[in-house]
Amino acid sequence: MSTFVLPDLGEGLQEAELVAWHVAEGDHVVADQPLVSVETEKAVVEVPSPQSGRVARLCAKPGERVKVGAALVEFDDGQRADTGTVVGELAAATPSPARAAEPAPAGAAAVRAAPAVRALAQRLGVDLKIVGASGPGGAVTSADVERAARALTDAGPAEPLAGVRRAMAVNMTRSHAEIVPATVSDEADIEAWRSGSDTTIRLVRAVVAGCTAVPGLNAWYDGRNMERRLIKQIDLGLAVDTGDGLFVPVLRNVGSRDAADLRRGIEAMKRDVRARTVPVAELRGQTITLSNFGMFGGRFAALVIVPPQVAILGAGRIAPGAVVADGKLVAHRLLPLSLTFDHRAVTGGEAARFLKAAIEELERPE
Amino acid sequence: MSEITLVQAVNLALQRAMAEDANVLVLGEDVAAEGGVFRATDGLLKRFGPERVLDTPLAENAIAGLSVGLAAQGFRPVAEIQFTGFIYPAIDQLVNHASRLRTRTRGRLTCPMVVRSPSGGGIRAIEHHSESPEAMFAHIPGLRVVIPSSPARAYGLLLAAIRDPDPVVFLEPTRLYRAAREEVEDDGAALPLDRCFVPREGTDITLVTWGAMIKETLAAAETLAAEGVSAEVIDVATLKPLDTDSLLESVAKTGRCVIVHEAPLTGGFGAEIAARIAERGLVSLLAPIERVGGWDTVMPLPRLEQSYLPNEARILAAVRRVLAYQ
Amino acid sequence: MPSAEKILELLDVAEAAREPGAATVARFEIRYSRFLDPKGNALRQLPDFAADRAELVALYRAMVLARAFDAKAVALQRTGRLGTFPSALGQEAVAVGIAAAMRKEDVFLPSFREHGAQLWRGVSLVELFLFWGGDERGSNFAEAREDFPICVPVGTHAPHAVGVALAFKLRREKRVAVCAFGDGATSKGDVAEALNIAGVWRLPLVFVINNNRWAISVPINEQTAAETLAQKAIAAGIEGEQVDGNDVIAVREAVARAVAKARAGGGPHLIEALTYRLSDHTTADDARRYRSDSEVSPHWAEDPITRLRNHLVGRGMWAKADEEGLLAEISAAVDKSAETYLAIPPQGAETIFDFTYESLPKDLAEQRRAALGAVPE
């Protein structure tokens, strides 16, 4: 900081009146540049700047009388900031904002359809997701939408699933999402059965035999925690088909019950199912399931296991089949069996041994 | 009323405009005694004299710039730029001055000037004589960009451009100068600016184009008609300000749109049209909007010219792709 | 002593005798003139108008006003109340000299450093503040209605001047267009093209080069190899001359001569006025980045205002009371105009649209609606 004082203006003058400033505070001036006009007795005189620099302060106002030697201007030698331009103003950078969170991954590919097609689908009440696309690049065209609309009107109104059907859909979906199914199948030669044998009871006993031989199939598997729980008591789920849908009530503790008791239990169960009076509790807790679908038809099947179970045994239609006995081709009654198991918790060997044990039990005369 | 060519229609409009308004001047290189290298200004010197028809020195920037000065003084200069390949130096005067003079003086000074220039290829010309720069001009606020596609439209639109109180860039399709002929009535009637024309109505697809491409587009429409496809052809004519309403009306009817222009595809004016239709007409669309344009390359020398210019086959291919969305 | 022309003639004859088939076919000379030395002393007979105190005082007053406006503009910019401003400090004589030599009916096309000329010709202080403060209304002059607004793209107004001069010629009006631009502009094609057309069409157009020796940071010796800028006129077939741009009497005299010649149909003329840019290029520029204070300081000795004041005082035409009175009057006028300017509210946003074309096209009307967030009339 340096101060410029009013210089001696000559002719013995001691002071002058300040007439007008020619610079403003903040201005950069160069040496010899007129700073101010002051009036002396004789004239108005311009006072030039003694130095180059920035005018920090003007020390007097127009109209004031300033004595020779009194402060006129204060200069500071500070640098002017670089504006970085010759025109306009450049704003300085602001601190950058925190990085935005990663965007959520895109959902499944949406249906490709032009807007007019979408509008048409909406008008006709057609869900684009179910429309087969015949347009370029897999796009749904308006013809596709119209075709789907026609098909829907032919097909009758959509009925939302409810009750037992809905429960089946839910359970099967869940099973499909969790279970890793594998199926091993075989046939039992039941030629030796006495007449009047109760197929269902025999099958129940076969399941017991299998579980006794391979306890690992009477178990619950928790996929999330990867824990398997072997269960001592066999609570057998019995698939029962009704007009209302599929029910799988539980026959408790089949391993400890005699045939007559089992038969009574099964009859009671069927009655209750038909009458829709099965308590909810009796629809839960199956440790393994049996489905005798052969009553209706079909021989082998890969059935669906409802978690947390790990196995389901399916029995197909009993029918004569060709077997080789004592070196000769003969017709024996055969009972097809399909054992579907959850390969996360059960090995193929375990499944095969279960089936073998079940078949051995079934092939006994009684 | 006899049949005249497009360039003769331009001449007719200039004659008419100069006769009815003493402030209309024609200036440019070789416009006076030569009558213009394409004869667009033929006969004007003889009829109106050297103070209405001025040969300028070779300076496109100055031609446009002095037109600004003349226009600010109340004249209506119609400046010819000999070929659009040479128009680029004039863009400075058009962007920085002609298009801004009214607004930056709040209407105190205005710029009623026209810059007209032969535009487009297909005339087997040497380099730089086949440009289609309309998108560059259309991007400039305050300008009008007009492209006639026929003798009648050249006549009516040029009259409108000259009478307009604001600057107009008038790009004449060189290829149609002599190739397009029709009857034009010299009645001094201007055609409306800022409005599309519909030379062919249809219901199945909208074909949007301007300038010389009208020829190939109409031919494609004929071919399609024989196949049972009814194409509507729209001649944009005034690219800026754009008549969006007419375009949307057509697309609402047909649901399909193909835009055809000779200029290179990327950043071409078809992109602006496609964007506006997508913004406001999306729910009418049955299929994507397609553009058929020149390749994003320099216009090749004459031997390869036909491989560059969009032709009927390319237009039809685009149409078929769009029609596949049935 | 034979005249210069005679000597040249004799030289040509001698050359032709020496070297048949070769001859000097063109020569040029550029003359420089001034009337007052930097201290204000008359170097030779002054032009007629300089005998009239009123004329000289008018010139002095106009330069003082120009400088006061300039200083106020810079001060306003520094306090955030004006936009980027190109100070004309030290160049007041060029602007004032030009305008003083013009008639009201002539048209002036400035660059952006001729505030003194604009003020002389009737552009108001408020209008200048408004324009540099960022408001288009500043270019809608209430007077000088045909003058052009300042021109930012350097030299691009030179062709406009050609068009204006041509308009005068076509209409047989005895009016002259005067186009001012800086030393940097003479490197531009626009200027060369304009000189050429003005020359070949013999237009009533006077070009004045406001040569302050700097084009932002590029000094004149790096701008061109030409010894003078005036000689660029010769290439266009136009007469060119240099004057001391800090001698307002010389500037006015030269421009008046050129304007009279043009008005009489004698064609265009180029005047290079030599001055010095004492300020930064604009208020956003810091000239110390490329030139030292010690280079600038000596040029204060050429100050056009001091020069004329000293001359007036020396001729007994100006006294202390005159000086005080003038400074007070100018200061009050400038302050008052600044206040008026600061009190003017900005235009409505609709004005962004309303002057783009004579009438608003539909798509632009929609944008206007969106910009204003309301439905217009």
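The values are calculated or read from the model by the stated rules, or taken from the named source; none is laboratory data. What you are looking at is a predicted structure, and each value in this text was computed from that prediction instead of being measured. Reconstructed Cβ throughout: ideal geometry from the backbone, glycine too, with neighbour counts over all protein chains shown.
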Inset, instruction - Tell me, yes or no, whether the range A:347-362 has at least one residue that is of a type in the set (S, T, N, Q), assigned by TED's automatic domain parsing to the domain that holds A:A219, out of contact with any Phe, Trp or Tyr (no Cβ under 6 Å at 6 or more places or on another chain) and surrounded by 15 or more Cβ atoms within 10 Å (Cβ to Cβ). - result: no
Inset, instruction - Hey, could you check the range C:158-177 for residues that are out of contact with any His (no Cβ under 9 Å at 6 or more places or on another chain) and not in a helix (DSSP H, G or I) and say which is farthest from the other protein chains (Cβ to nearest Cβ)? - result: C:K174
Legend entry - Criterion (within 15 Å of the chain's Cα centre (by Cα), of a type in the set (S, T, N, Q) and within 29 Å of B:S67 (Cα to Cα)) met by exactly one of C:N211, C:N196: C:N211
Inset, instruction - For C:A180, state whether it is touching a Gly at 6+ places or on another chain (Cβ under 7 Å), closer than 23 Å to C:W214 by Cβ and not in a loop (DSSP other than H, G, I, E, B). - result: no
Inset, instruction - Can you confirm whether the range C:148-157 contains a residue that is in a helix (DSSP H, G or I) and either out of contact with any Phe, Trp or Tyr (no Cβ under 9 Å at 6 or more places or on another chain) or within 10 Å of chain B (Cβ to nearest Cβ) (or both)? - result: no
Inset, instruction - Tell me the helices (runs of 4 or more DSSP H) entirely within the range B:28-99 that contain at least 2 residues that are in the same structural domain as B:S130 (by TED's automatic domain parsing), under 22 Å from the mean Cα position of the chain (by Cα) and of a type outside the set (A, V, I, L, M). - result: B:60-72, B:88-93
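Could you list, in sequence order, all residues of the range A:50-59 that are under 18 Å from A:A70 (Cα atoms) and more than 9 Å from chain C (Cβ to nearest Cβ)? So that I can check it myself, show each step before the final result.
The initial filter retains those residues of the range A:50-59 that are under 18 Å from A:A70 (Cα atoms), namely A:50-51, A:55-59.
Residues satisfying the conditions are A:P50, A:V55, A:A56, A:R57, A:L58, A:C59.
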Legend entry - Conditions (1) surrounded by fewer than 15 Cβ atoms within 10 Å (Cβ to Cβ); (2) more than 10 Å from every other protein chain (Cβ to nearest Cβ); (3) closer than 23 Å to B:L242 by Cβ: number failed by B:P264: (1)
Legend entry - Failed criterion for B:D55 (all others in (1) closer than 27 Å to C:S359 by Cβ; (2) within 11 Å of chain C (Cβ to nearest Cβ) hold): (1)
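Within the bounds of the range C:251-264, is there any residue that is in contact with a Lys or Arg (Cβ under 6 Å, 6 or more places away or on another chain), away from chain B (no Cβ under 14 Å) and either buried (at least 20 other Cβ atoms within 10 Å of the Cβ) or β-branched (V, I, T) (or both)? Full working, then the answer.
Let us first name the residues in the range C:251-264 that are in contact with a Lys or Arg (Cβ under 6 Å, 6 or more places away or on another chain), namely C:263.
Next, from what is left, pick out any that are away from chain B (no Cβ under 14 Å): C:263.
Restricting the remaining residues to those that are either buried (at least 20 other Cβ atoms within 10 Å of the Cβ) or β-branched (V, I, T) (or both) gives none.
No, there is no match, as no residue in the range C:251-264 is in contact with a Lys or Arg (Cβ under 6 Å, 6 or more places away or on another chain), away from chain B (no Cβ under 14 Å) and either buried (at least 20 other Cβ atoms within 10 Å of the Cβ) or β-branched (V, I, T) (or both).
Does C:G138 count as within 14 Å of chain B (Cβ to nearest Cβ) and either more than 22 Å from C:A254 (Cα to Cα) or of a type outside the set (S, T, N, Q) (or both)? Write out each step before concluding.
Working: within 14 Å of chain B (Cβ to nearest Cβ): yes; either more than 22 Å from C:A254 (Cα to Cα) or of a type outside the set (S, T, N, Q) (or both): yes.
Spelling it out, C:G138 is indeed within 14 Å of chain B (Cβ to nearest Cβ) and either more than 22 Å from C:A254 (Cα to Cα) or of a type outside the set (S, T, N, Q) (or both).
In the range B:31-61, what residues are closer than 23 Å to B:S132 by Cα and out of contact with any Ser or Thr (no Cβ under 7 Å at 6 or more places or on another chain)? So that I can check it myself, show each step before the final result.
Restricting attention to the range B:31-61, the residues satisfying the condition of being closer than 23 Å to B:S132 by Cα are B:31, B:36-41, B:58-61.
Residues satisfying the conditions are B:G36, B:V37, B:F38, B:R39, B:A40, B:T41, B:L58, B:A59, B:E60, B:N61.
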Legend entry - Failed item in (1) in contact (Cβ under 8 Å) with a residue 60 or more places away in the chain; (2) under 24 Å from C:G199 (Cα atoms), with B:L6 passing the rest: (2)
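Among the listed residues B:I259, B:I277, B:I234, which satisfies the condition of being part of a helix (DSSP H, G or I), β-branched (V, I, T), buried (at least 22 other Cβ atoms within 10 Å of the Cβ) and in contact with a strand residue (DSSP E or B) (Cβ under 7 Å, 6 or more places away or on another chain)?
Values: B:I259 fails: part of a helix (DSSP H, G or I); B:I234 fails: part of a helix (DSSP H, G or I).
Of the residues listed, the single one that is part of a helix (DSSP H, G or I), β-branched (V, I, T), buried (at least 22 other Cβ atoms within 10 Å of the Cβ) and in contact with a strand residue (DSSP E or B) (Cβ under 7 Å, 6 or more places away or on another chain) is B:I277.
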Inset, instruction - Go through (1) surrounded by fewer than 24 Cβ atoms within 10 Å (Cβ to Cβ); (2) more than 8 Å from chain B (Cβ to nearest Cβ) one by one and return the number of the condition C:A198 breaks. - result: (1)
Inset, instruction - Answer yes or no as to whether B:L171 is in contact with a helix residue (DSSP H, G or I) (Cβ under 6 Å, 6 or more places away or on another chain), assigned to a loop (DSSP other than H, G, I, E, B) and at pLDDT 95 or above. - result: no
Legend entry - Residue ID - surrounded by the most Cβ atoms within 10 Å (Cβ to Cβ), chosen from residues in the range A:107-147 that are more than 14 Å from chain B (Cβ to nearest Cβ) and in a helix (DSSP H, G or I): A:L128
Inset, instruction - Run B:A190 past the list (1) in a strand (DSSP E or B); (2) out of contact with any Ser or Thr (no Cβ under 9 Å at 6 or more places or on another chain) and report the number of the one that doesn't hold. - result: (1)
Inset, instruction - Please identify the pairs in which a residue from the range C:14-26 that is outside the structural domain of C:I238 (by TED's automatic domain parsing) has its Cβ atom under 6 Å from the Cβ atom of a residue that is part of a helix (DSSP H, G or I), counting only partners at least 6 apart or on another chain. - result: C:A23/C:A16
Legend entry - Number of the exception - C:E105 against (1) in contact with a Leu (Cβ under 7 Å, 6 or more places away or on another chain); (2) in contact (Cβ under 8 Å) with a residue 24 or more places away in the chain: (1)
Legend entry - Extreme residue, nearest to the chain's Cα centre (by Cα), among residues of the range A:269-284 that are surrounded by 14 or more Cβ atoms within 10 Å (Cβ to Cβ) and not basic (K, R): A:L283
Inset, instruction - Hey, could you check the range C:289-332 for residues that are within 29 Å of C:R137 (Cα to Cα) and loosely packed, with under 15 Cβ neighbours inside 10 Å and say which is nearest to the other protein chains (Cβ to nearest Cβ)? - result: C:A328
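Of the residues that make up the range A:3-17, is at least one within 11 Å of another protein chain (Cβ to nearest Cβ) and in contact with a strand residue (DSSP E or B) (Cβ under 6 Å, 6 or more places away or on another chain)? So that I can check it myself, show each step before the final result.
So the first thing to find is which residues in the range A:3-17 are within 11 Å of another protein chain (Cβ to nearest Cβ), and the list is A:17.
Checking the rest, the ones that are also in contact with a strand residue (DSSP E or B) (Cβ under 6 Å, 6 or more places away or on another chain) come to A:17.
Yes, the range A:3-17 contains at least one residue that is within 11 Å of another protein chain (Cβ to nearest Cβ) and in contact with a strand residue (DSSP E or B) (Cβ under 6 Å, 6 or more places away or on another chain).
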Inset, instruction - Take the range A:168-197 and flag every residue that is farther than 30 Å from A:T347 by Cβ, of a type in the set (A, V, I, L, M, F, W, C) and touching a residue at least 24 places away in the same chain (Cβ under 8 Å). - result: A:A192, A:W193
Legend entry - Within the range C:311-346, tally of residues that are without any contact (Cβ under 8 Å) to a residue 24 or more places away in the chain and small (G, A, S): 7
Inset, instruction - Go through the range B:122-151 and give me each residue that's of a type outside the set (D, E, K, R), at pLDDT below 95 and surrounded by fewer than 24 Cβ atoms within 10 Å (Cβ to Cβ). - result: B:G122, B:I123, B:A125, B:I126, B:H128, B:H129
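Kindly indicate which of C:E241, C:E272, C:E253, C:E222 is more than 14 Å from the chain's Cα centre (by Cα), farther than 28 Å from C:A54 by Cβ and not in a loop (DSSP other than H, G, I, E, B).
Numbers: C:E241 fails: farther than 28 Å from C:A54 by Cβ; C:E272 fails: more than 14 Å from the chain's Cα centre (by Cα); C:E253 fails: farther than 28 Å from C:A54 by Cβ.
Step by step, each of C:E241, C:E272, C:E253, C:E222 is checked, and only C:E222 is more than 14 Å from the chain's Cα centre (by Cα), farther than 28 Å from C:A54 by Cβ and not in a loop (DSSP other than H, G, I, E, B).
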Inset, instruction - Just name the residue that is surrounded by the fewest Cβ atoms within 10 Å (Cβ to Cβ) out of those in the range C:139-189 that are over 27 Å from B:R52 (Cα atoms) and hydroxyl-bearing (S, T, Y). - result: C:S187
